[in-house]
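Undergrad: Have a look at the structure that comes next, please.
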Amino acid sequence: MDQFVASLAKACLTMGDLSTLYLDNVPSDFQVPSLYFPPCESNPSASAFNCYRTDYFIYAKVFAVTRQDAMKIAEAVVQGIMQARCMLPVYKEDGKESGDILKIKPPSARVIDEGVAQINLAYTIVRGFKEEPQPGASEVKINKDYS
């Protein structure tokens, strides 16, 4: 789990007033209420001259006794994120704030089963390419001899 996903999970736990987090398959004796945070889906997209972007999607699940309870918790998370203007602090491994902000897209929530609500989270990260020396124009020879 990278620091962005960990920061999102921490925000969801705090805003939903939850104490149990599952990252792997949910065990048969899981606790309710709880939050399941699966691995995120990624979708890299077109690059610019010196950077590219990757869109990330997380479909977190809130488990509770009833669908109403699950949706109440999920809605508290969604409203908490919206109240934070969709800008959440990024945390370091030691749990302290890094000073960076993760801007996420407005989240949504829906009931998906009895006692289960899903929170849809999405964000984009722009990364720069590693700087590597590029050959000059005179050094590139394509099917011709440019002596």
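Undergrad: For the chain, find the longest principal axis of its Cα atoms and tell me its angle to the long axis of helix 3-15, 0 to 90°, nearest 10.
TA: 20 degrees
Undergrad: Lysine pairs in the chain 8 or more apart or on different chains: how many have alpha carbons under 29 angstrom apart?
TA: For the chain, the number of qualifying lysine pairs is 22.
Undergrad: Which three numbers, in whole Å and largest first, are the semi-axes of the equivalent ellipsoid of the chain derived from its Cα gyration tensor as √(5λ)?
TA: 42, 16, 14
Undergrad: Please tell me the relative contact order of the chain in percent, rounded to the nearest whole number, where contacts are Cα pairs under 8 Å and at least six residues apart.
TA: For the chain, the relative contact order is 24 percent.
Undergrad: Please find, in a Gaussian network model of the chain (springs between Cα atoms separated by less than 10 Å), the residue of Lys103, Lys92, Lys130 whose mean-square fluctuation is greatest.
TA: Among Lys103, Lys92, Lys130, the largest mean-square fluctuation in the Gaussian network model of the chain belongs to Lys130.
Undergrad: Could you give the nm distance between label points at Gln79 and Lys130, where each point is 7 Å from its Cα heading toward the beta carbon?
TA: Here the modelled spin labels are 4.8 nm apart.
Undergrad: Tell me the label-point distance for the pair Phe49, Asp2, using the 7 Å Cα-to-Cβ offset, in nm and rounded to one decimal.
TA: Each label point is offset 7 Å from its Cα along the Cβ direction, giving 2.5 nm.
Undergrad: Rounded to the nearest 20 Debye, what is the dipole magnitude of the stretch 47-108 about its Cα centre when Lys and Arg each give +1 and Asp and Glu each give -1 at the C-beta?
TA: 200 debye
Undergrad: Charges at C-beta only: +1 for Lys and Arg, -1 for Asp and Glu. How large is the resulting dipole of the stretch 3-130 about its Cα centre, in Debye rounded to 20?
TA: In total the dipole reaches around 560 debye.
Undergrad: Let me ask another. Angle between the Cα long axis of helix 67-83 and the longest principal axis of the chain, 0 to 90 degrees, nearest 10?
TA: 50 degrees
No lab work stands behind these numbers, since they all come straight from the coordinates. Since the structure is predicted, the reported quantities are computational estimates derived from the model, not experimental observations. Note that we place each Cβ from the backbone using ideal geometry, even for glycine, and neighbour counts take in every protein chain shown.
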